[in-house]
Amino acid sequence: MATSATVPIDAKVGAGLAETLTAAGLKPALAKRFEQMPQRQVTVLPRRPFREPGVARDEVMFVRSGLLSKYKSDGNGRRQIVALRFVGDGILPRQGSADYGVQAIVRSEVLIGKREDFAAVVDSDAEYSRFFMQLMERHSAISYEWLVNCGRRDSTARVTHLLCETVERSHVDVAKQSLINPFTQQQIADITGHTSVNVNRVFADLERQGLIHRKGREIFFDDWAELQRVASFRADYLR
């Protein structure tokens with residue numbers, strides 16, 4: 001059985017920018033240049049918009065601690081979370097306005113730099129372009145998986161797939177650690193295209209089947225292999 005040994009996503013710890021970029025594959029000397037780039041750290045509180053859709057996004061964001069989401073809304077105001085950014089992930093600048101908003105899932109510390117400062121660093125060495133292209137390809141692969149998840153999988157598979165992905169992206173060792181669930185039931189519904197009532201039923205079913213058990217916000221994985229099978233989850237797209 002897993003023990004409660006993992007660090008919560010919303011704990012007051014954070015990743016150093018250079019250290020994280022190095023771990024992601026960027027050469028240490030090149031990663032250090034980003035750490036020297038002018039930036040400010042802001043605290044982003046959960047469940048309130050941090051950046052609204054439809055406004056210019058002339059900044060780069062780096063998640064130092066916590067968890068951010070990108071979201072869009074339909075014509076009736078119903079929200080869909082379309083992407084997550086974990087510790088070490090970033091949101092790159094873009095031309096013109098962004099058609100998505102940014103909101104924290106949990107209390108988060110975010111480093112923000114200006115687009116022109118970011119561009120100056122990236123333009124200084126071709127290795128940066130290759131590095132960020134790889135990161136963009138990874139996020140594209142995640143988006144494709146989410147599309148399949150919402151479009152083709154059943155209720156149980158959708159929720160369990162999100163759990164499996166969260167475990168992998170949070171670097172939780174399920175044999176020794178629990179996952180501190182960062183999401184509310186409504187947030188899981190906004191990611192998977194369900195209602196919070198359906199999400200609650202899925203969690204109850206997973207516990208009845210002996211795949212997980214919960215203690216407060218902690219989720220313990222009692223049959224990780226079977227949970228991955230139910231979710232049709234393979235972590236290759238996250239590499």
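The table for this structure:
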| item | result |
| --- | --- |
| Unmet criterion (only one of (1) at pLDDT below 95; (2) under 13 Å from the mean Cα position of the chain (by Cα)) for residue 79 | (2) |
| Test: residue in the range 89-105 that is assigned by TED's automatic domain parsing to the domain that holds residue 36 and without any contact (Cβ under 8 Å) to a residue 24 or more places away in the chain | yes |
| Selection from the range 37-59 of residues that are out of contact with any Lys or Arg (no Cβ under 9 Å at 6 or more places or on another chain), aliphatic (A, V, I, L, M) and part of a loop (DSSP other than H, G, I, E, B) | 55 |
| Checking residue 192 against (1) surrounded by 16 or more Cβ atoms within 10 Å (Cβ to Cβ); (2) more than 21 Å from the chain's Cα centre (by Cα); (3) of a type in the set (Ser, Thr, Tyr), the condition it does not meet | (2) |
| Residue that is surrounded by 14 or more Cβ atoms within 10 Å (Cβ to Cβ) and more than 29 Å from residue 73 (Cβ to Cβ), where the choices are 183, 220, 203 | 220 |
| Verdict on residue 94 being at pLDDT 90 or above and more than 15 Å from the chain's Cα centre (by Cα) | no |
| Within the range 100-131, considering residues that are small (Gly, Ala, Ser) and outside any helix (DSSP H, G or I), the one surrounded by the fewest Cβ atoms within 10 Å (Cβ to Cβ) | 124 |
| Hey, residue 52 closer than 28 Å to residue 184 by Cα and at pLDDT 85 or above or not | yes |
| Pairs, first under 19 Å from residue 193 (Cβ atoms) and assigned by TED's automatic domain parsing to the domain that holds residue 196 in the range 134-157, second β-branched (Val, Ile, Thr) and buried (at least 16 other Cβ atoms within 10 Å of the Cβ), C-beta under 6 Å, six or more apart | 155/202; 156/202 |
| Which listed residue is hydrophobic (A, V, I, L, M, F, W, C) and in a strand (DSSP E or B), from 62, 34 | 62 |
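The values are calculated or read from the model by the stated rules, or taken from the named source; none is laboratory data. As the structure is a prediction and not an experimental result, all values here were calculated from the model. Counting neighbours? That spans all protein chains shown, and the Cβs are built from the backbone with ideal geometry, glycine included.
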